[in-house]
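Read through the structure below, which is laid out as structure tokens, and then see the notes.
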Amino acid sequence: MNKEKLIPPFVMLAATAIVAVVTYVRDFPFATWLIIVISVMVLFLFLGEVITQMILYFIKMNERRKREEEQRAEREQNPDRVLDGDNNPVSDLPPVR
């Protein structure tokens, strides 16, 4: 299971729990308390999704850098070998049909 999918609900639940307890202890009227809690749930669910997208972006960037470094290292080891975009050797022979 993708652990990244669990980030938004945990962020939302943690923030909502804190706000719910604080507003309850400060004795907010129920209608106001309910509006605040629901607003916080929506806001922090959105923020959790933004955090998840940022994490996935950085993971993808790190994977891309790692692939580029591996390709660079392979080119340094075999300078005469030319590779295409899929890391396959390029041949001077015409394509087979």
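The values are calculated or read from the model by the stated rules, or taken from the named source; none is laboratory data. The structure displayed is predicted, hence computed values, not measured ones. Cβ: placed from backbone, ideal geometry, glycine included. Neighbour counts: every protein chain shown.
Quick notes
- Where Lys5 falls short, out of the listed (1) at pLDDT below 90; (2) on the phi > 0 side of the Ramachandran plot; (3) not small (Gly, Ala, Ser): (2)
- Test for Ile59: is it of a type outside the set (Asp, Glu) and out of contact with any helix residue (DSSP H, G or I) (no Cβ under 6 Å at 6 or more places or on another chain): yes
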